[in-house]
Amino acid sequence: MSQIYGHSSDGQAITEDMIQEWVAEAERGYSDVPLKRGGRPLMGSNPAGVRTVRLSPELDASLLARAKAEHKTPSTVMREALERHLVGV
């Protein structure tokens, strides 16, 4: 009986034979097809920066109400407001 090194996400036992197959595959190399980037989509040409903002309870309530009324996330409403204020979009 071969040793079990864990289980895959579908519950299949991971054996020494499977590991050796994966190693051989990796040593042969993979195609030059670029991997799909995971995560959130880019905002501009680079990953977006993250800022923390403190809001009064009243301003936060207004933000949430606007976001709900416009079917947008609070982050989107804040970004759009900043763009209008700083860039004049």
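The values are calculated or read from the model by the stated rules, or taken from the named source; none is laboratory data. Source: prediction; values computed, not measured. Cβ sites come from the backbone with ideal geometry, for glycine too, and all protein chains shown count toward neighbours.
For the reader, a short list of remarks on this structure follows.
- Here the range 1-18 is the region considered, the condition is being at pLDDT 85 or above and small (G, A, S), and the residue that is farthest from the chain's Cα centre (by Cα) is A13.
- No other residue among L82, L63 is touching a Pro at 6+ places or on another chain (Cβ under 6 Å), modelled with pLDDT of 90 or more and surrounded by 10 or more Cβ atoms within 10 Å (Cβ to Cβ) apart from L63.
- Remark: pairs (first residue in the range 51-77, of a type in the set (A, V, I, L, M, F, W, C); second residue loosely packed, with under 13 Cβ neighbours inside 10 Å; Cβ separation under 7 Å; 6+ apart in sequence or on different chains) = A67/T73; V77/E70.
- If you go through the range 66-79 and keep only what is surrounded by 10 or more Cβ atoms within 10 Å (Cβ to Cβ) and not in a loop (DSSP other than H, G, I, E, B), you end up with R66, A67, K68, P74, S75, T76, V77, M78, R79.
- The residue list E58, E21, E27 contains one member that is at pLDDT 90 or above, more than 27 Å from the chain's Cα centre (by Cα), in a helix (DSSP H, G or I) and loosely packed, with under 10 Cβ neighbours inside 10 Å, which is E58.
- Lone unmet requirement of (1) over 20 Å from E80 (Cβ atoms); (2) exposed (fewer than 10 other Cβ atoms within 10 Å of the Cβ) for E16: (2)
- Residue in the range 24-35 that is closer than 30 Å to M78 by Cβ and either of a type in the set (K, R) or outside the structural domain of M78 (by TED's automatic domain parsing) (or both) present: no
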